[in-house]
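Below you'll find the structure, written out as structure tokens, and then a few comments.
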Amino acid sequence: MRSFLFSISLIISCFSFSQEVQKKTDSTHIQEQKLEEVMITATRTYRQVSSLPLPAQIVTKKEIEAINSVRLSDILNEQTGLITIPDFGGGEGVQMQGFDSQYILILIDGVPLVGRSAGTLDMNRITLGNVKQIEVVKGASSSLYGSEALGGVINIITEKKFDGLHGSVNYRFSDYNVHDGNLALTYGADKISVKGFFNRYSSDGYDLNPLDITNTVDPFSNYTISSQLRYEWSEKTAILVSGRYYDQKQEVVSSAGNEGEGNLEEWNARVKISHSFSEKTKGYLDIYSTQYKAEEFLQGTNGEKLDESFFDQRLQLPEARMTYTVNKNHSFIGGVGWKNERLERTSFSDNPEFNSQYVYVQYDGHFFGKLNVIPGFRFDNHSEYASHFSPKIALRYNISDRVAVKTSVGVGFKAPDFRQLYFDFTNSSVGYTVLGYNAAPTRIRELQALGLINRIVIPLTEFDGKLKSESSVNYNLGLVYKPIEGLSVDINAFRNDLKDMIETQVIANKTNGQNVFSYQNISKVYTYGIETNVKYKISPSILFTAGYQLLYAKDKEAQEAFENGQVFARDPETLSAFQLSEKDYFGLLNRSRHMINGKIFYTHPRWKLNTNIRATYRSKYGLFDSNNNTYLDDYDVFVEDYVILDWAINKTIYESYTMSFGVDNIFDYTDAANISNLPGRMVYGKVMFKF
């Protein structure tokens, strides 16, 4: 915490000198900023983010360019209440309101990405080179987006319409031999808009622990190609065709010195037709298809194959929706869709295929010039689990021009994924087994017949029914206060009650001393806390923003065990056991109680220069139950709190050229044992040319 306060002091002192530099208001800039604050994700209609009754925020293209972010994980870590978490497979997922990445839906232009091999969708797959803005909606959003949106939605929005011929080329180089290059071309005439985009990103990787033979991150290279054609067939009809292709190759070195390679390949294709039936009624037909493939092999020093795996997921998603605007105060949106998912994967008992149909409706009403009410629901029918009804209602009341209150209640759900149902994996070196819920009964009987099971821990009759969807109820209550011109304060209290959480359980003991694990509906979990965002336009040239999240994330059964005096720890010096009380229970793993961010952006229009300095703080959190009582308590070993401080400066020359320089992680903070996605201090330079 002291480091964070030092960082904030440094930020303020660096910029305080310039408060009197710029007096002239740039009205064009303000207008541009207002236009950028229009969001579509929260209601699936265009709304000013400042008028929404839901907890939502936008990361603008202006901010992305100012801090020179290149991957989605870079920018999300600097937003209030968001933190990216590395997983064991090398990916980096995002955590929101205490929910980990498997509960957060990731969209590009409103359509989902796939490829969650272990529940995490890797944020580093997504380049920011052609992004217009990033929209974040916190809390259950299943009433519009269905499964996976239980904890919230992140939607990456790209540009759609263009005027004339424009393009940009930029290249960034940084420590660890990291190269990021983009080429973008856009053209727009009366009826047609076309864009093409290419990105290449590569790194030599890095090693936080030179004492072992493996790298923390092995060298890799990837490229992204995307294109889009939008044609206005008539004044009423337009068609949009878009595609995206991603390819990555990465070296793999095992702890035994064996080497191999991992390859990722992903493509998305979309056709969207929009038609205005009347001034009040518009229709959309969206046809989307995507595939994610991952292959990896490991070979010995003599070239023999030691291990080989693959993951191949496909998604087809056609959807039709209508909007009906009764008048400026009342509108409706509704849609129907069908979702087909297929997966082929090593260590699976089957090649599963899911089919689901859904329908959703939402009303957006304004009353008395002060009250906004948005009720809605979605119904999902699934081939593998029970149908699910997800209602939601959100209200906002403007008490005055400076004060507004907003609240929302919504139901979210997450269906069991392929892994939780069909996984069939045995670790060849250690000997443990992990089985999906559907695969468990048959596979356990086979292991029994082979004499490999010593004891059944959970009777197989427990697997007679279907694994239930996880569901939650999300509550938000917020206040927006604008005490003076240029200053806004947004406070939101939230709570999520999650039931039927799917957890890994030991279901049998093997004769080799190892266990058989499977998935079952076990826990009731709740998260609650407060988020605060402050935005202050100190002068036309200086913008200060800050955010804070207080988070509690706990398992109800664990809390009851502490309350009932059933949990003990052992004194590491005397080795004597002692009873723990309720206040000793810390909560879920990998959740920090406090997260803070602070940023100052300074712009000098006459010099065509802007600079910024940003600090983020994360308080301590636990990754393991180090005292072996199965709970995270105050006597476990925690990852210490830390501060990351970043600085960037950008200078435009002759209108078209921009030179950038910056330092990420100025304090060179690393934690080799616990935080694999922080490589240490990174100094970078960047050049950009626009025409």
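Taking the listed residues Leu208, Leu183, the one that is under 23 Å from Lys62 (Cβ atoms) and among the hydrophobic types (A, V, I, L, M, F, W, C) is Leu183, with no other qualifying.
Among the residues making up segment 102-118, those that are open to solvent by 10 Å² or more (accessible area, probe 1.4 Å) and either modelled with pLDDT under 90 or on the phi > 0 side of the Ramachandran plot (or both) are Gln102, Asp109, Gly110, Arg116, Ser117, Ala118.
Which ones in segment 378-414 are assigned to a loop (DSSP other than H, G, I, E, B), polar (S, T, N, Q) and open to solvent by less than 40 Å² (accessible area, probe 1.4 Å)? Spell out how you get there, then give the answer.
Step one: of segment 378-414, the residues assigned to a loop (DSSP other than H, G, I, E, B) are 383-387, 399-402.
Okay, now just the ones that are also polar (S, T, N, Q), so 383, 387, 400.
The answer is none; no residue qualifies.
Ile666 fulfils the conditions (1) modelled with pLDDT of 95 or more; (2) surrounded by fewer than 18 Cβ atoms within 10 Å (Cβ to Cβ) except for a single criterion, (2). Just one of (1) at pLDDT 95 or above; (2) in contact with a Leu (Cβ under 9 Å, 6 or more places away or on another chain) fails for Phe413. It is (1).
From the list Glu266, Glu251, the one residue that fits, being within 21 Å of Asp417 (Cβ to Cβ) and part of a strand (DSSP E or B), is Glu266.
Restricted to strands (runs of 3 or more DSSP E) entirely inside segment 565-638, those with at least 1 residues that are under 15 Å from Ile83 (Cα atoms) and open to solvent by 40 Å² or more (accessible area, probe 1.4 Å) are 594-604.
Only one entry in Glu582, Glu573 is over 24 Å from Ala493 (Cβ atoms), of a type in the set (Asp, Glu) and out of contact with any Gly (no Cβ under 8 Å at 6 or more places or on another chain), namely Glu573.
Determine, yes or no, whether Lys537 is part of a strand (DSSP E or B), farther than 29 Å from Lys620 by Cα and among the basic types (Lys, Arg). Step through it out loud before you land on a result.
Working: part of a strand (DSSP E or B): yes; farther than 29 Å from Lys620 by Cα: yes; among the basic types (Lys, Arg): yes.
Against the criterion (part of a strand (DSSP E or B), farther than 29 Å from Lys620 by Cα and among the basic types (Lys, Arg)), Lys537 qualifies.
Cβ-Cβ contacts under 6 Å between residues 6 or more apart (or on different chains), taken from a first residue in segment 324-352 that is aliphatic (A, V, I, L, M) to a second residue that is buried (at least 17 other Cβ atoms within 10 Å of the Cβ) and part of a strand (DSSP E or B), are listed as Ile333/Thr323; Ile333/Gln362; Leu343/Gln313.
For (1) under 27 Å from Ser117 (Cβ atoms); (2) among the basic types (Lys, Arg); (3) outside any strand (DSSP E or B), each residue gets a yes or a no:
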| site | (1), (2), (3) |
| --- | --- |
| Pro416 | yes, no, yes |
| Arg419 | yes, yes, yes |
| Arg443 | yes, yes, yes |
| Leu447 | yes, no, yes |
| Arg455 | no, yes, no |
| Ile458 | yes, no, yes |
| Val480 | no, no, no |
| Ile484 | no, no, yes |
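Looking across segment 479-533, the residues that are open to solvent by less than 40 Å² (accessible area, probe 1.4 Å), of a type in the set (Val, Ile, Thr) and within 30 Å of Ala440 (Cβ to Cβ) come down to Ile502, Ile507, Val516, Val525, Thr527.
Would you say Gly303 is open to solvent by 30 Å² or more (accessible area, probe 1.4 Å), on the phi > 0 side of the Ramachandran plot, in a loop (DSSP other than H, G, I, E, B) and in contact with a strand residue (DSSP E or B) (Cβ under 9 Å, 6 or more places away or on another chain)? Steps first, please.
Numbers: open to solvent by 30 Å² or more (accessible area, probe 1.4 Å): yes; on the phi > 0 side of the Ramachandran plot: yes; in a loop (DSSP other than H, G, I, E, B): yes; in contact with a strand residue (DSSP E or B) (Cβ under 9 Å, 6 or more places away or on another chain): no.
Taking the combined requirement at face value, the residue does not satisfy it.
Exactly one residue among Lys138, Lys61 is in contact (Cβ under 8 Å) with a residue 12 or more places away in the chain and open to solvent by 30 Å² or more (accessible area, probe 1.4 Å), and that residue is Lys61.
Consider segment 623-662 and keep the residues that are modelled with pLDDT of 90 or more and β-branched (Val, Ile, Thr). The one that is farthest from Ser592 (Cα to Cα) is Ile653.
The values are calculated or read from the model by the stated rules, or taken from the named source; none is laboratory data. This structure is a prediction, so every number in the text was calculated from the model and none was measured. Because the Cβ atoms are built from the backbone with ideal geometry, glycine has one as well, and the counts that use them run over all protein chains shown. With ligands, DNA and RNA removed, areas are computed over all heavy atoms of the protein, side chains included. Shrake-Rupley method; radii C 1.70, N 1.55, O 1.52, S 1.80 Å.
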